[in-house]
1. Can you name the residue in region 170-203 that is in a strand (DSSP E or B) and among the polar types (S, T, N, Q) and, of all such residues, is farthest from Pro82 (Cα to Cα)?
2. For Lys397, work out the one condition from (1) modelled with pLDDT of 90 or more; (2) surrounded by fewer than 20 Cβ atoms within 10 Å (Cβ to Cβ) it doesn't fulfil.
3. Consider Met514 carefully, then state whether it is touching a helix residue (DSSP H, G or I) at 6+ places or on another chain (Cβ under 6 Å) and either assigned to a helix (DSSP H, G or I) or more than 23 Å from Tyr438 (Cβ to Cβ) (or both).
4. For region 147-173, which residues satisfy the criterion of being under 12 Å from Ala93 (Cα atoms) and surrounded by fewer than 17 Cβ atoms within 10 Å (Cβ to Cβ)?
5. Name the residue, out of Ala358, Ala382, that is surrounded by 18 or more Cβ atoms within 10 Å (Cβ to Cβ), outside the structural domain of Thr81 (by TED's automatic domain parsing) and either free of Cβ contacts under 8 Å to residues at least 24 places away in the same chain or not in a helix (DSSP H, G or I) (or both).
6. Name the residue that is farthest from Trp533 (Cα to Cα), counting only residues in region 362-379 that are buried (at least 17 other Cβ atoms within 10 Å of the Cβ) and of a type outside the set (Phe, Trp, Tyr).
7. Going through Phe452, Phe466, Phe474 one at a time, which residue ends up being assigned to a loop (DSSP other than H, G, I, E, B) and loosely packed, with under 14 Cβ neighbours inside 10 Å?
Amino acid sequence: MDNARLVAAIVLSMLVWVGWSYFFVEEQKVEPPKKTTQGEQSVAKAPALPATEQTVAPGAAPPQAAGLQTLQPARSITVNTPLYSVKISERGAEFKSFILKNYRQSLGSDAPLYEMIPPGMQGGTVRLGFAGQSVEGLKGAVFKTNLESDSVDVSAGSKEVAFSWRSPSGFVVEKKFLFSPETYMIGLNVTLTNGSSQTVRDKLFLSLLKPADEKGSRMGFEGPSALINNKAEEVKIKKIKKQSVYDGKLTWIAIQDRYFMAAIIPDQAVEASMHLFLHANDLLENQYVHPELVIDPGSRHTFKHNLFLGPKSLKVLKKLDYNLDKAVNFGWFDFMAKPFVWIMDFLYEHFIANYGVAIIILTILSKIVLWPLGNISYKSMAEMKKIQPEIAKLKEKHGDDKKKMNEEMMHLYKAYKVNPLGGCLPMLVQIPVFFALYRMLYGAIELRHAPFFGWITDLSAPDRLFRFDVTIPFMEPPYGIPVLTIIMGATQLIQQKMSPPPGDPAQAKMMMLMPLVFTVIFINFSSGLVLYWLINNILSIAQQYYVSKKRA
């Protein structure tokens, strides 16, 4: 029982370290398997998608020989709203650029606005097609828009922008986008009119595309996801080769990164499929595949959807329908992390417009909730400190007889009504709170580029005072002095010195290394998380000091 606190400290350190590495470090990408046929359930690393395709003008006869086809020019239509600016190419009626006006690529007022579609990405996103490619010429087709101008301003009310294309056989595809000034949600209706003489039997799909991150996310989730049967399904890149098709009642599909997401949302959740692909140029594609449909000659079918391209903000997503807020998932302790976001936002909006101060107040509130449990634990630690001389005598008397020593120790604990494990509770109870705050502080878009004071200009990034070109062991770039982390390590050392030392000198030395271990672990954590742990340590020191003096 003498080494209970040592074990607890080691367990906590390992949980923080292993938990960070295992649960929050994105797995390395693996090479996808070779290309498979359309109907197979394992995904292929498909050939690179061409940026352009040869197309045939509506109503024209198909060319009889290769080399006679010519590429049609495709206009680019820009739609401006107060929240974003989107460029839509007539080639495929796909989004080629989507700039968010309230967010920037990096820290700084002069940084460029955030672009959701990386420049240079082949093709565009919000792609349309048929799984069986039953409509000839649709892939890469040039649509025609109903606009004469190349730009549209959406500021006073909603506006519709329509694109249509007619195949050589007379099959017409129309994509109508509805833009509104007050929301990131965009309406999308797809109308299929069979003007040919042949019945079309196929599966319509809409897809999102984004380059796959070569390094992957270090913490949290990034990649394709969906709400299937009212359950959020997150698929890591590595797992795509094992399972690429997900069937069920789909509410939405999405591609997420740390702070932003793009989603396709059918008007009603129906039995459908999510198909995932990794193309040869490391382009990730997430398809929403409709159930098979039969389009007879002369018939028309309309499919209603919504699109969302914007921030993964609980405040924004909760205002929308379709349970889009379920895309924000903080892991095992999501049930704790989301209330923390709400409290933090409430404090920021109603009391102090500084998220660093909001984190401090949130830490104080959580400490108040855990205060009674902390009192019990610190009382146990104070009693353990009192009986250290008695424990030393027992070791001197029964040091060679471990069985007798343990028996006498148990009698001693009973006599003084001491629980040797009681002092471990403050550390152990903090584990779920720590992980919940860790994921919340990493993924909450509110903290992205949010300043605290002085050198801490981004609570979502590690704190660094000054910047060095010299590599520092255990530190990830940028390199600098982690002032907040060093102060946190110092408070960890003070806590350690206030705790009753183990009877074994070797264990005592190991316990004194724990603050250093924690400092190294925290050196790359976000400054918001380090701030939480620092304030929690200061409050714990004050509580432990108060309890110790009271029982002295």
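The values are calculated or read from the model by the stated rules, or taken from the named source; none is laboratory data. All of these numbers come straight from a predicted model, not from anything done at the bench. For neighbour counting, all protein chains shown are included, and Cβ atoms are generated from backbone atoms with ideal geometry for every residue, glycine included.
1. Initial filter on region 170-203 (in a strand (DSSP E or B)): 171-179, 185-194, 200-202.
Next, only the ones that are among the polar types (S, T, N, Q) stay: 189, 191, 193-194.
Details: Asn189: 23, Thr191: 28, Thr193: 34, Asn194: 38 Å.
Residue satisfying both the conditions and the ranking: Asn194.
2. The number of the failed condition is (1).
3. Details: touching a helix residue (DSSP H, G or I) at 6+ places or on another chain (Cβ under 6 Å): yes; either assigned to a helix (DSSP H, G or I) or more than 23 Å from Tyr438 (Cβ to Cβ) (or both): yes.
The answer is yes for Met514.
4. Quick first cut of region 147-173, residues under 12 Å from Ala93 (Cα atoms) only: 161-165, 173.
Scanning region 147-173 gives no hits.
5. Details: Ala382 fails: either free of Cβ contacts under 8 Å to residues at least 24 places away in the same chain or not in a helix (DSSP H, G or I) (or both).
Answer to the selection: Ala358.
6. To start, the set of residues in region 362-379 that are buried (at least 17 other Cβ atoms within 10 Å of the Cβ) comprises 362-363, 366-367, 370, 374, 377-379.
Still in the running and of a type outside the set (Phe, Trp, Tyr): 362-363, 366-367, 370, 374, 377, 379.
Details: Leu362: 12, Thr363: 8, Ser366: 12, Lys367: 11, Leu370: 15, Gly374: 16, Ser377: 19, Lys379: 22 Å.
Filtering region 362-379 for residues that are buried (at least 17 other Cβ atoms within 10 Å of the Cβ) and of a type outside the set (Phe, Trp, Tyr), the one farthest from Trp533 (Cα to Cα) comes out as Lys379.
7. On the way: Phe452 fails: loosely packed, with under 14 Cβ neighbours inside 10 Å; Phe466 fails: assigned to a loop (DSSP other than H, G, I, E, B).
That would be Phe474, the only listed residue that is assigned to a loop (DSSP other than H, G, I, E, B) and loosely packed, with under 14 Cβ neighbours inside 10 Å.
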